[in-house]
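Below is one structure, written out as structure tokens; the observations come after it.
The values are calculated or read from the model by the stated rules, or taken from the named source; none is laboratory data. What you see is a predicted model, and the numbers here were worked out from it, not measured in a lab. Ideal geometry is used to build each Cβ from the backbone, glycine not excepted, and the neighbour counts take in all protein chains shown.
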Amino acid sequence: MRPEKYLLILAAAAALLAQQGDQAIYQHYAPIDITGNWVSIVTEDWSQRMIMPSKGDYTSIPLNAAGKKVADAWDPAHDAPAAGEACRAYAAPALLRVPGRLRISWQDNGNTLKLEADAGQQTRLLQFAGKEPQGEAGFQGYSAASWDYAGGFDPARVGAPPAVRPNGPNGGGGGGGGNGRGNVNAPATKPQGGALKVVTTHLKPGYIRKNGVPYSKDTVLTEYFNVHKDTDGTEWLIVTNIVHDPAYLAVDYITSSNFRRESDGSKWRPKTCTAQ
């Protein structure tokens, strides 16, 4: 079959999928599967993540002078549940650093990934086709998601809608990706791997660390979700977090959080936010 005819058949199949109410478009073109149940394995900053850090402990966080001033003035009484601020340290820039479990699933006809954390009973919506809200900011902010493809896959060549493509409205590029287009005569018809990129804005000020280390309303959180499987079959979700805050950070704060896949949700134990 000639390549031109082959591409026409693929485009027609993608168009048919789009006609079905855009059902599962982003799910259909997912290069990795991050859905399911995951438990955090703390391999970085153990003493600050597993034990309540003391006031003034901003080890490894590149705070500027303004950030240090805020952190040094932290008063835990202001974060009491009665004040409605106990979830400051469970906001998006810090949530995946809090030890606990994640539950991730598709919703909205495959346009949104729902990420639930049992720590603080928090929920984030990673939206492939949403729009940043104009109302009040929140601790989980607005998260715009896009796929970064590897292995020469190009959604444009199989008729995917522009929004699914790496350079579509939600952006692209970055960790785990790749922009090779493969062999012209043998285009990849499905993703060959890649990563999920998430950019979170519209954030209410909160903490990077539970002891009052701050981030401001101008913070932009960029995350790359990657999946890795060991030779023994153990599956890992590795999330690289890049916190950019011109108000309180001298440079970007970059961390990597590891989660191991669990077979089911039997160990799911939601807990409310705590200030200590």
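When the test is whether a residue is touching a Ser or Thr at 6+ places or on another chain (Cβ under 7 Å), farther than 23 Å from Met52 by Cβ, at pLDDT below 90 and in a loop (DSSP other than H, G, I, E, B), Gly175 passes it.
For Gln19, the conditions (1) over 16 Å from Gly100 (Cα atoms); (2) at pLDDT 90 or above; (3) surrounded by fewer than 16 Cβ atoms within 10 Å (Cβ to Cβ) all hold with the exception of (2).
One residue stands out among those in segment 118-137 that are surrounded by fewer than 16 Cβ atoms within 10 Å (Cβ to Cβ) and farther than 24 Å from Ser40 by Cα: the one that is modelled with the highest pLDDT, which is Ala137. Going by the conditions given, is Asn241 outside any loop (DSSP other than H, G, I, E, B), among the polar types (S, T, N, Q), touching a Gly at 6+ places or on another chain (Cβ under 7 Å) and at pLDDT 95 or above? Criteria not met by Asn241. Pairs are defined by a Cβ separation below 9 Å, a sequence spacing of at least 6 or placement on different chains, a first member in segment 89-101 that is farther than 13 Å from Leu203 by Cα, and a second member that is assigned to a helix (DSSP H, G or I) and not small (Gly, Ala, Ser); the pairs so defined are Arg97/Gln48; Arg97/Arg49; Val98/Arg49; Val98/Tyr90; Pro99/Arg49. For segment 244-276, filtered to residues that are of a type in the set (A, V, I, L, M), closer than 27 Å to Pro76 by Cβ and in a loop (DSSP other than H, G, I, E, B), the residue that is modelled with the lowest pLDDT is Ala275. Is at least one residue of segment 105-125 within 19 Å of the chain's Cα centre (by Cα), charged (D, E, K, R) and over 23 Å from Ser257 (Cα atoms)? The answer is yes; a qualifying residue exists.
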